Structures are given as C-alpha cells and as structure tokens.
Amino acid sequence: MNLLSKLAQSIQPYTAGEQLNDKKYVKLNTNENPYPPAPKVYEALQAFNADMLRLYPAPNSDALREKIAEAEGVKIENIFCGNGSDEVLALCFPAFFDSEGKGACFADITYSFYPVFCDFFSIPQKIVPLTEDYRFNLNEFSKVDCQGYFITNPNAPTGVGIEGEQILSFVRNNPQKIVVVDEAYMAFFNQSVASYVNEYPNLLVVKTFSKSYSLAGIRSGYAVGCQALIDGLFRVKDCFNSYPLDRVCQEVSMAAIASKEYYDECTQKVVAERERLTHALVELGFYVLPSSANFVFAEYKKTGGKFIYEQLKQRGVLVRFWNKPQLKNFCRITIGTKEQNDILLQSLREILNLTE
Ligand code: PMP
C-alpha cells in the first residue's frame, strides 16, 4: 500500500549542497559567508528573553519589515518576509502563476529550485538557454510567450551579473509580465533594482540574509515589490503558515540590518578574495567565468569537474559539482577566508600535479 499522493511519489525534489558541518572540512560548497555575523547579532541573541517564546511571533514580521524598508529606500507595504528566500521564491509561484497559464520563464542554467517549484505547483516551464559565454539572453527572453520571468542576478551557479539598467529596461519592455529578480548574491555586485519597485508594478526583487549577512542558519529572506504584488504574497503565505519567521529570527535579522558598516567590510574582503582566487585559478589552468557573486564557477576540461570535486573532498575541501552535461567540467567554489582559499589552492596544486 502506498499512501503518498501521486505528486509526492513522482516529484524530483531539489537537492541542496552537502551539509557536512564537520569542522575538519573547509566548506566552500553552499555559498555561505566565511565571516561571522555582526557583533549586534550576538548581542541580540544574548538579550533575547526566552519567556517570550511562549507567545507566537508577529505574523507578518512588521518591525523587521519596517527596518528592511528603510534600508531598501521603500515603504513597509513594499516588503514581504519569509523563512529564507527559498520560501519567498516558493510562494511567488502560486501567487503569480497559473497552472493553466502560459508558464514561468527562466534560463537553462540558473537556480535549480525554479523547475522544482514549477513541477510542484503544476506551472508550465519555458526554458531559454544562456548564450555561449554563459550570459542571459534577454532579447530571447522578451520573445517568450509566458506569464512571467525568474532572473537570478548575479546568476547561480555561474556568478555572472547583469547591470541594473539592463534589468530595468527588460522590466520596462515587458510590462504585462511579472519579472522576479532573485538578488540572493547582489551585495557582492551592488546593482540592486529593489528601490525601483514603485516605478515598475511588474518588478519583484527577492533577497536573503543567508549570504552577505552571514545568517544562513537563521532562515530569513524577503521580497520587495509594489503593494499589489506584496499583498498577493501575503494571501498565499496565509494559506500555508501564519508565522513563517520565529521570534529569534526576527530579532536577529533586525540586528543584522542595523550593522551595515560591519557587513560592507566583510563584503569588500570577500570581493578582494574573489579577485585573488580568480587569478590564481586561471594561473593553474582553469577557465573562470567573470563572477559578481561570492563564488566562482571554474572549468577544468582536462579532468572534468567530478575529479576535482572528489580529489578536493579527499583532502578535506568541499566544493559543489553538478553531474549535468553542460556543467560537468565545472566546479562552483564559494569564496572563503584568505586562509581557506590558500588551503584550496594548495590542494589544487597537489591534484593537478597528479594529472601531469
Ligand atoms: N536564490 C539563489 C540564487 C540561491 O543560490 C539561494 C541559495 N541556495 C537562494 C535563493 C536561497 O537562499 P535562502 O533560502 O538561504 O535565503
């Protein structure tokens, strides 16, 4: 007897990167920030009154929405908070797409959760290939008959970014279709279009506390959009979970938002290391896509990505590899601290010596 629904039996779920939190690994596989959260985050956790856990949290995270709105230069009614940006993205599908509609359009090489959400909510998919040099082909995107788009900027797993002005002109040219811009890695590129949501009623920007705020463990993300789109997300959220952000998460996220200077410094360090690592990888014979994110996508044709991934893992360094035809020569490497990146480079030198 099988008591599962047809959907639960047949769906192919998303696979996240390995979470081997064993200290012996240098963990460069899930784009976490190598630096600790801001001091204010520690203070907020210490000051947190556990008595309050008896009570449900603020259902819509209003105090946090207020702080995020201030930081993004918009109003509280332009902000929606979710349990990680994955949850915000998940809710976008039933909020903005119909199962009998024209579908959601995204690139063939992009965040691999989008097709899973489409399958889960029975939403047709329209897939547009990246160009040969792994860029979004926005001209081709515009020609697609669909209900809306998901554009990851900078893209994952490639790291390639699109200038904000190009995104805005795409949004202007497609006024009848919603454009969801997934800006999970935007702090490392600084081309956010979030402050334009009141000019473009079809623009929704999704962001996260997981990467640039060093808070992947707290599960906090948000959307910025015009009030009509945000109201749509609230309607859908209230069909799933009244309280997606717990009390600790709301406090910690507010402490992070108040720590701009600290995080700007961390971001600068990550960007400087990204440039150093890119050059070092090129010197070792890798082809590295120009990255605007906190990771690099590096190709090594001679052995393929799987060999590099496995050899690195044996040496205690975790990176991400996808066994897909277009990606099989690549590894995605999260930018670590200088020390972590040096261990990675030293391990790679040993591995490449094996193949001489
Ligand atoms: N968007 C992209 C492009 C990502 O790579 C990730 C991280 N896997 C997310 C969204 C989700 O991040 P989180 O749920 O941690 O906010």
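The values are calculated or read from the model by the stated rules, or taken from the named source; none is laboratory data. Fair warning: this is a prediction, and the values are worked out from it, not measured in the lab. Positions of Cβ are generated from backbone atoms using ideal geometry, with glycine treated the same way; all protein chains shown enter the neighbour counts. We work out accessible area using only protein heavy atoms, side chains counted, and drop any ligands, DNA or RNA first. Shrake-Rupley method; radii C 1.70, N 1.55, O 1.52, S 1.80 Å.
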Checklist line | Over segment 85-158, relative contact order from alpha-carbon pairs under 8 Å, at least 6 apart, % | finding: 40 percent
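Sorted by packing (mean other beta-carbon atoms within 10 Å per residue), highest first, where do 185-195, 274-284 land? Could the numbers behind the result be given before it?
On the way: 185-195: 20.6, 274-284: 16.5.
Going by the mean number of other Cβ atoms within 10 Å, highest first, we get 185-195, 274-284.
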Next item on the list: Find the cysteines in the chain that fail to meet the 4.7 Å Cβ criterion with every other cysteine, and list them.
Entry: C81, C92, C118, C226, C239, C249, C266, C331
Next item on the list: With an 8 Å cut-off on Cα pairs and a minimum separation of 6 or more residues, tell me the relative contact order of segment 246-356 in percent.
Entry: 23 percent
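Going through the cross-link list K40/K269; K302/K324; K269/K328; K143/K211, which pairs have a Cα-Cα distance over 23 Å in this structure? Can you show the working numbers first?
Details: K40/K269 20 Å; K302/K324 17 Å; K269/K328 30 Å; K143/K211 33 Å.
The answer is K269/K328; K143/K211.
Run the dipole for segment 39-258 about the Cα centre, Lys and Arg Cβ at +1, Asp and Glu Cβ at -1, nothing else charged, and hand back the magnitude in debye, nearest 20.
On the way: 17 positive and 26 negative charges, 34 e Å.
Charge dipole of segment 39-258: 160 debye, to the nearest 20.
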Notebook entry, point to check: Heavy-atom accessible area of D264 with all protein chains present, probe 1.4 Å, nearest 10 Å²?
Noted result: 70 Å²
Next item on the list: Mind putting together the pair-distance distribution for the chain? All Cα pairs, 10 Å bins, whole percent per bin, short to long.
Entry: 5, 24, 32, 26, 12, 2, 0
Item checked: Cα centroid of segment 70-109 to Cα centroid of segment 1-58, whole Å -> 20 Å
Next item on the list: Could you point to the residue in N29, F113, F93 farthest towards the positive end of segment 9-118's charge dipole, with +1 and -1 charges on the Cβ of Lys/Arg and Asp/Glu respectively?
Entry: N29
Check: To the nearest Å, what is the center-to-center distance of segment 123-195 and segment 241-271, using C-alpha atoms only?
Finding: 25 Å
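Enter the accessible area per residue of segment 39-258 (Å², integer; probe 1.4 Å; all protein chains in place). Walk me through the numbers before you get to the answer.
Numbers: 9320 Å² over 220 residues.
On a per-residue basis, segment 39-258 sits at 42 Å².
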Next item on the list: State to the nearest 20 debye the size of the charge dipole of segment 300-342 about its Cα centre, where the only charges are +1 on K and R beta carbons and -1 on D and E beta carbons.
Entry: 260 debye
